[in-house]
1. Each label point is 7 Å from the Cα along the Cα-to-Cβ direction; what then is the distance between the points at residue 30 and residue 190, in nm?
2. Through the Karplus equation 6.51 cos²θ - 1.76 cosθ + 1.60, θ set to phi - 60°, convert the phi angles of the range 157-167 into ³J(HN,Hα) values in whole Hz; use x for Gly and Pro.
3. State whether the range 180-235 is rounded, prolate or oblate according to the following rule on the C-alpha gyration tensor (a ≥ b ≥ c being the square roots of its eigenvalues): a/c under 1.5 gives rounded; otherwise a/b larger than b/c gives prolate, and the remaining case gives oblate.
4. Going by average Cβ density within 10 Å per residue, which order do the peptides 26-39, 224-237 take, highest to lowest?
5. Would you please put 69-79, 192-202 in order of how densely packed they are, using the mean number of other Cβ atoms within 10 angstrom per residue and starting with the highest?
6. Suppose each label sits 7 Å from its Cα in the direction of the beta carbon; what would the residue 144-residue 120 distance come out to in nanometres?
Amino acid sequence: MARHHHHGPKPSGFIFPWRGLNAPLMPKVLAAVLLFGVFAFAITFVRVDISARPHWLEEKASIIDLRMGKDAELWARRAQEEGPFPSRVDPDSWNVMKQLENQVSDAFRTPSMPYVPQLRDLPQGEPVSGIPFTAKGERVFPKHQAPEWVQQPDAARLVPQLYPLVEVPMDAMPKKLPAFAGEIAPEMTYTPWRFLIRLTPDGVVSDCVSLVGTSEAGAGSLEKWLRQVKFDPGFAEKHEWIALAVTFVNQPADGTDTH
């Protein structure tokens, strides 16, 4: 006859095994005695000193009671200036500052009476004259008036001018040149005129010789003009003959002389 063995389910690892707790009592007693001895040793021989937290800020103050007098005013001023909350200048307590603020506010305040501009009456009558209409298809061109031609007088004229070819002081040269009576032809301005002149003791030109030739046009009129020129008498007494160059320059027509 065969035997059948019945095997139950396998116990889980999360189930506390209640069976087998009836262990011997002696090991449990030894463990309790050992634990009690360790606690007794720690309580007897281990000491932990716990000190109080240090006070960094001492909550105390001093009060000085002074009666009215110079010392009281001095100590009160020092307390305000050297204390933890020094005194400051308060602009609101200054009367001048209050007056200045009032003036500024008055300057920017809107006037109570608004400005109303006064309108003037329009002029009587029709300000713009009527413009006549043109007929259809008719062209109208603006009227153009030709400017009047006015001949302007010559702004300048040619006059002869003297330049010394030898060393002559500026003070010895003629202060004013005489007017040239003849007409200056264009050919006269092309010639480099050179003259050798002789001076009298009083500075007047007595003789005149053209160095470019007597056949040139205008030589006679220039010689006649040179005889009217007068030099400084002090210079003429020491220098009898001198050489001069004659050129032509433009002179304003208002009569301003050139030297």
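1. Simple spin-label model gives 15.8 nm for this pair.
2. Values, residue by residue: 9, 7, 9, x, 9, 9, 9, x, 8, 10, 6 Hz.
3. prolate
4. So the order, starting with the most tightly packed, is 224-237, 26-39.
5. Ranked by mean Cβ neighbours within 10 Å, highest first: 192-202, 69-79.
6. Spacing of the two 7 Å Cα→Cβ label points: 4.0 nm.
Values quoted throughout were computed directly from the atomic coordinates according to the rules given, and no laboratory measurement underlies them. Source: prediction; values computed, not measured. Using ideal geometry, Cβ is built from the backbone for each residue, glycine included, and neighbour counts are taken over all protein chains shown.
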